[in-house]
Amino acid sequence: MPAGMFRTALILGSICVTGPFAIDMYLPALPAIEEALDVSVSAAQITLVAYFLAYGVSQLVYGPLSDQIGRKKTLAIGMSIFCVGAVICAVAPNIETLVLGRLVQGIGGATVMVIPRAIVRDMYTGAQATRLMSSIMLVISVSPMLAPLAGSAVVAFGSWREIFLALAILAAATLTMAQIALPETLTADKRRKVNLGDLSRSCGILFRDPVFVGLTFIAGFGMASFFLFISSASFVYTGQFGLTPTEFSLAFAFNAVGFFIATQAAGRLAEMWGLATLIGRGVTGFAVCSAVLTGVVLAGFGTLPVLLIGLFLAYSFLGVVVPSAMVAALDAHGRRAGMASSLSGSLTMLTGAFCIAATTPFFDGTAVPMVVSIALCGVAALGLVIFTMPKLRQQQDAAAAQQMSAAA
């Protein structure tokens, strides 16, 4: 990888990691929050739903805003709001205030989903963009491996409240680094003023593009399966299997690491196979693995090793899908990259929030509802692949023919 691309990946990855840390770092503390605030498991899980909802809806604002004022200013606004939300969470006297704080955090944290993707699209397309996005995902991979351990350490020496203070410090540090080291990729001559008519037309164009919609929801159901795991894992691993917060953190990291290892192969595989083939094969593998795991668990063989290995394999397949689908969804929409990034990210997060909210009433403290929900996400993504991949190939062929014609 060229030195310039590596540097960009490191900076953007450091920005992106703030969002996952806001989720993963406090997972070991969810049972402690449940006890400290005297609420149910479902109420504790609502703090995740609140974050995902705000994280999703707010992306619709940041994309167009960044198209008008630039990427760096928009990032500064969002990260500042995130810090305010973290402080509210740290001092929350009850579950209602904690949910409010998580909403504010989600509103601000949405920038770390939108802005890096828009910057990638400003700089690259196709396999190069996938390679850069995969490198960013490598930096993000420290979150599922280190964030739960960091959260466990904070809880061991303090309380769950200090976790949110640590998140505020992390956000302030990454924002400072970005403002110093990151160049503005959207120059003044390429900026577009926010216009409701233009936004409406852009949304109409995006929603009428079956490739954009299909790829967005393929990534959406893929990430939803991961969010379902996130929202349930701490209760399943500590409740059903009796793990300590530190042991849970290690188990969580093992499950998640397969996803992020696979992301590193996505760029190379995209160059070898093409994005359409890569996404199709990845989703098929994820759907098969999650379905087999569900069958094994329902048959009564859902031991901890089986669950760990099954989820590792399933999320390894998913790891090549998410960055590829995110990149491919934006490829045909360079002129409206900010809006496309916002809408795609928003729909992805809202899909995750909806799935958590829909499955929370069925959670019984065991692994069964979790793996069944993950498998259903795999089936939904596979159905979308069957519909979308032929259209993606047609779109790519048309773009290649247009480039050849222009070159001639």
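The values are calculated or read from the model by the stated rules, or taken from the named source; none is laboratory data. All values reported here derive from a predicted model rather than from experimental measurement. Every residue, glycine among them, receives a Cβ derived from its backbone with ideal geometry; neighbour counts consider all protein chains shown.
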Checklist entry - Can you list the helices (runs of 4 or more DSSP H) found entirely within the stretch 19-102 that contain at least 1 residues being acidic (Asp, Glu) and free of Cβ contacts under 8 Å to residues at least 24 places away in the same chain? => result 30-36
Checklist outcome for this item: The number of residues in the stretch 1-59 that are within 17 Å of Ala168 (Cα to Cα), aromatic (Phe, Trp, Tyr) and touching a Gly at 6+ places or on another chain (Cβ under 6 Å) is 3
Checklist entry - Cys355 fails exactly one of the following numbered conditions: (1) modelled with pLDDT of 80 or more; (2) farther than 23 Å from Arg102 by Cβ; (3) not aromatic (Phe, Trp, Tyr). What is the number of that condition? => result (2)
Checklist entry - Name the residues in the stretch 223-237 that are hydrophobic (A, V, I, L, M, F, W, C) and closer than 14 Å to Phe254 by Cα, would you? => result Phe226, Phe229, Ile230, Ala233
Checklist entry - Would you call Phe254 buried (at least 22 other Cβ atoms within 10 Å of the Cβ), of a type outside the set (Gly, Ala, Ser) and touching a residue at least 12 places away in the same chain (Cβ under 8 Å)? => result no
Item to check | the stretch 280-336, subset without any contact (Cβ under 8 Å) to a residue 40 or more places away in the chain and charged (D, E, K, R), residue farthest from Val236 (Cα to Cα) | outcome: Arg335
Checklist entry - Can Ala406 be described as over 19 Å from Ala276 (Cα atoms), assigned to a helix (DSSP H, G or I) and modelled with pLDDT under 90? => result yes
Checklist entry - Being surrounded by fewer than 15 Cβ atoms within 10 Å (Cβ to Cβ), at pLDDT below 90 and out of contact with any helix residue (DSSP H, G or I) (no Cβ under 9 Å at 6 or more places or on another chain), is that true of even one residue in the stretch 180-187? => result yes
Checklist entry - Within the stretch 169-191, how many residues are more than 27 Å from the chain's Cα centre (by Cα) and among the basic types (Lys, Arg)? => result 1
Next on the checklist: Being outside any helix (DSSP H, G or I) and either surrounded by fewer than 20 Cβ atoms within 10 Å (Cβ to Cβ) or in contact with an Asp or Glu (Cβ under 6 Å, 6 or more places away or on another chain) (or both): is that true of Val154 here?
Outcome noted: no
Checklist entry - Does the stretch 172-208 hold any residues that are part of a loop (DSSP other than H, G, I, E, B) and not basic (Lys, Arg), and which are they? => result Leu182, Pro183, Glu184, Thr185, Leu186, Thr187, Val194, Asn195
Checklist outcome for this item: By residue number, the members of the stretch 354-372 that are in a helix (DSSP H, G or I) and crowded, with 24+ Cβ neighbours inside 10 Å are Cys355, Met370, Val371
Item to check | Entirely in the stretch 244-341, the helices (runs of 4 or more DSSP H) that have 2 or more residues that are among the charged types (D, E, K, R) and more than 30 Å from Leu65 (Cβ to Cβ) | outcome: 245-273
